[in-house]
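**Student:** One structure, pasted below without further comment.
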Amino acid sequence: MLKEMRVPVFDLISCLSNAMDMVDPVLVDHHKKVAYIALRVAKELGLSAEQEQDLVLAGILHDIGALSLTDKLQALQFEFENPHQHAKMGYMVLKMYEPFSKVATIIRFHHVPWHDGEGAEFEGQKVPLSSHILHLADRVAVSIQKQQEILAQVSPVCGKIEQNAGEMFMPEIVNAFKALAQKEYLWCDLASNSISPILTQSIIMPTIEQDIHALLSLAKLFAHIIDFRSRFTATHSSGVSATATTLAEFARFTERECKMMTVAGYVHDLGKLAVPAEILEKPAKLTENEFNIIRRHPYLTYRALETINGFDTINTWASFHHERINGSGYPFHHKGEDMPLGSRIMAVADVFTAITEDRPYRKGMTEDSAMHVLQQMADNSFLDSDLVSLLRMHFDDINLSRKVAQAASVEEYEQLIKSTTPH
């Protein structure tokens, strides 16, 4: 039963982190390296197991609010302008998922400088010790040059950190890092291509029992992270999820299967985290190279989700949304018999949502226009003709579910943008 799934937190969040890091080779493993440094410093300071776990999660997700590639690359500079913008954005998104409330707070303050003790508070709120640890860990990670021999960098990196003790970093944390930095294994681990299993083996993360409601809530968080990077896609995943779920209900899926479909709809575009927001936001025609970057996203969704135990069916339904009945789709070019009904439903839901939803640069299609497009695709064996007929039969109900879900996402997106826009 899906409600009895035991899903390791680390697997879920690593999946999300891996997708985010795919946006540029420079970013690969950055989040995990920050998490690893923060964990080692926390152990040096004698923090509790719970604090270690929260720090690891915060490290893996710390730049989740850096929406564009430009923002992400800027954050790799040791010092840069307006560092709190992406920290606040990450906080606002993550706090939507209640189990991550502490993690969200750590991320909110992870660029607050110590300023000889003034950094104990920021904007009237107490800054957690974990935020200051994460700040130092992040700055250590960005100071390491991948192209240079790692042990030759120990002295200059430590010198830079020590030089900023008291002003940028809390002295107690700097001292803990200096003691840790004497151990070569730390630096060799950071230079390793196996940082993910090293991190996994370094900490015992709780295996939380996810009932279907918790899983749906987490999947919705994924959808927000995927969609809220661009005003052009701010409601797409919620629309696809609602459309696919309602269509599955009319196709006589069980209640359990319909909930699985909701999850699949929320995460179907996970691979788009590897697409720079600058491309998603581009109102003009995409270049061939830009279009090829976007075409990779269902493959990346598939590879990211396959790391989660028990997600096989959800992954298949989610990742095959650009496959076509006649084999002309991508990235696997599956034909009809290779596509389970859930994947066919997702394919119809994705097209339907894309052409009927309003975008900032155009209005969604009317019922007649949308059904004409879908019927043509069915006639050409792109989409399942039975499902297109089912959608036509229940158009009003399915379209209403899409509109309601997307209206809620619009409200959440606008609240997020308003709360993170400097006044």
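The values are calculated or read from the model by the stated rules, or taken from the named source; none is laboratory data. Since the structure is predicted, the reported quantities are computational estimates derived from the model, not experimental observations. Methodologically, a virtual Cβ is constructed for each residue, glycine included, from the backbone with ideal geometry; neighbour enumeration extends over all protein chains shown.
**Student:** Starting from region 12-30, keep only residues that are farther than 23 Å from ALA223 by Cβ, then list their pairs with residues that are of a type in the set (Asp, Glu) and assigned to a helix (DSSP H, G or I) whose Cβ atoms are within a distance under 8 Å, requiring at least 6 positions of separation or different chains.
**Tutor:** VAL28/ASP21; ASP29/ASP21; HIS30/ASP21
**Student:** Restricting the search to region 168-186, which residues are surrounded by fewer than 18 Cβ atoms within 10 Å (Cβ to Cβ) and either acidic (Asp, Glu) or free of Cβ contacts under 8 Å to residues at least 40 places away in the same chain (or both)?
**Tutor:** Residues satisfying the conditions are GLU172, ASN175, LYS178, GLN182, LYS183, GLU184, TYR185.
**Student:** Restrict the check to region 376-397 and report whether at least one residue is at pLDDT 95 or above and either under 23 Å from the mean Cα position of the chain (by Cα) or within 30 Å of GLY65 (Cα to Cα) (or both). Can you show your working first?
**Tutor:** So the first thing to find is which residues in region 376-397 are at pLDDT 95 or above, and the list is 376-397.
Checking the rest, the ones that are also either under 23 Å from the mean Cα position of the chain (by Cα) or within 30 Å of GLY65 (Cα to Cα) (or both) come to none.
Looking through region 376-397, none of the residues is at pLDDT 95 or above and either under 23 Å from the mean Cα position of the chain (by Cα) or within 30 Å of GLY65 (Cα to Cα) (or both).
**Student:** For the structure I just gave you, tell me whether ALA137 is over 22 Å from the mean Cα position of the chain (by Cα) and either surrounded by 13 or more Cβ atoms within 10 Å (Cβ to Cβ) or part of a helix (DSSP H, G or I) (or both). Break it down stepwise before answering.
**Tutor:** On the way: over 22 Å from the mean Cα position of the chain (by Cα): no; either surrounded by 13 or more Cβ atoms within 10 Å (Cβ to Cβ) or part of a helix (DSSP H, G or I) (or both): yes.
No; evaluated as a whole, the condition is false for this residue.
**Student:** Taking the condition farther than 14 Å from MET346 by Cβ and buried (at least 22 other Cβ atoms within 10 Å of the Cβ), does VAL275 pass? Walk me through it before giving the result.
**Tutor:** Details: farther than 14 Å from MET346 by Cβ: yes; buried (at least 22 other Cβ atoms within 10 Å of the Cβ): yes.
Yes: the conditions hold for VAL275.
**Student:** So ILE106 ticks every box in (1) crowded, with 21+ Cβ neighbours inside 10 Å; (2) farther than 16 Å from VAL174 by Cβ; (3) touching a strand residue (DSSP E or B) at 6+ places or on another chain (Cβ under 9 Å) but one. Which box is left unticked?
**Tutor:** (3)
**Student:** Does THR233 satisfy the criteria of being β-branched (Val, Ile, Thr) and within 30 Å of ARG362 (Cβ to Cβ)? Reasoning before the result, please.
**Tutor:** On the way: β-branched (Val, Ile, Thr): yes; within 30 Å of ARG362 (Cβ to Cβ): yes.
Criteria met by THR233.
**Student:** Among the residues of region 51-62, are any surrounded by fewer than 18 Cβ atoms within 10 Å (Cβ to Cβ), in contact (Cβ under 8 Å) with a residue 60 or more places away in the chain and either under 24 Å from THR233 (Cβ atoms) or not charged (D, E, K, R) (or both)?
**Tutor:** First, the residues of region 51-62 that are surrounded by fewer than 18 Cβ atoms within 10 Å (Cβ to Cβ): none.
Checking region 51-62: not a single residue is surrounded by fewer than 18 Cβ atoms within 10 Å (Cβ to Cβ), in contact (Cβ under 8 Å) with a residue 60 or more places away in the chain and either under 24 Å from THR233 (Cβ atoms) or not charged (D, E, K, R) (or both).
**Student:** Hey, could you check region 50-80 for residues that are at pLDDT below 95 and of a type in the set (Gly, Ala, Ser) and say which is farthest from the chain's Cα centre (by Cα)?
**Tutor:** Going through the qualifying residues, I end up with ALA75.
**Student:** Residues to consider are ALA304, ALA318; find the one that is modelled with pLDDT of 95 or more and in a helix (DSSP H, G or I). Before the answer, list the steps.
**Tutor:** Values: ALA304 fails: modelled with pLDDT of 95 or more.
Exactly one of ALA304, ALA318 is modelled with pLDDT of 95 or more and in a helix (DSSP H, G or I), namely ALA318.
This table checks each residue for (1) over 18 Å from LYS403 (Cβ atoms); (2) buried (at least 17 other Cβ atoms within 10 Å of the Cβ).
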| site | (1), (2) |
| --- | --- |
| ASP189 | yes, yes |
| ILE203 | yes, yes |
| HIS213 | yes, no |
| LYS220 | no, yes |
| ILE226 | yes, yes |
| THR246 | no, yes |
| GLU249 | no, yes |
| PHE253 | yes, yes |
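**Student:** If SER130 meets every condition in (1) under 22 Å from GLN51 (Cα atoms); (2) of a type in the set (Ser, Thr, Tyr); (3) surrounded by fewer than 18 Cβ atoms within 10 Å (Cβ to Cβ) apart from one, which number is that one?
**Tutor:** (3)
**Student:** How do the helices (runs of 4 or more DSSP H) wholly within region 233-296 filter down when requiring 3 or more residues that are at pLDDT below 95: which remain? Spell out the reasoning first.
**Tutor:** On the way: elements: 236-250, 255-267, 277-280, 288-295.
Output list reads 255-267, 277-280, 288-295.
**Student:** So, one more: Please work out if ALA165 is assigned by TED's automatic domain parsing to the domain that holds LYS33 and surrounded by fewer than 17 Cβ atoms within 10 Å (Cβ to Cβ).
**Tutor:** Working: assigned by TED's automatic domain parsing to the domain that holds LYS33: yes; surrounded by fewer than 17 Cβ atoms within 10 Å (Cβ to Cβ): no.
Criteria not met by ALA165.
**Student:** When residues of region 337-365 are filtered for being part of a loop (DSSP other than H, G, I, E, B), modelled with pLDDT under 95 and surrounded by fewer than 17 Cβ atoms within 10 Å (Cβ to Cβ), how many remain?
**Tutor:** Summing the residues that are part of a loop (DSSP other than H, G, I, E, B), modelled with pLDDT under 95 and surrounded by fewer than 17 Cβ atoms within 10 Å (Cβ to Cβ) in region 337-365 gives 4.
**Student:** Criterion first (touching a helix residue (DSSP H, G or I) at 6+ places or on another chain (Cβ under 9 Å), not in a helix (DSSP H, G or I) and not hydroxyl-bearing (Ser, Thr, Tyr)) does PHE100 satisfy it? Break it down stepwise before answering.
**Tutor:** Values: touching a helix residue (DSSP H, G or I) at 6+ places or on another chain (Cβ under 9 Å): yes; not in a helix (DSSP H, G or I): no; not hydroxyl-bearing (Ser, Thr, Tyr): yes.
For PHE100, the condition - touching a helix residue (DSSP H, G or I) at 6+ places or on another chain (Cβ under 9 Å), not in a helix (DSSP H, G or I) and not hydroxyl-bearing (Ser, Thr, Tyr) - is not met.
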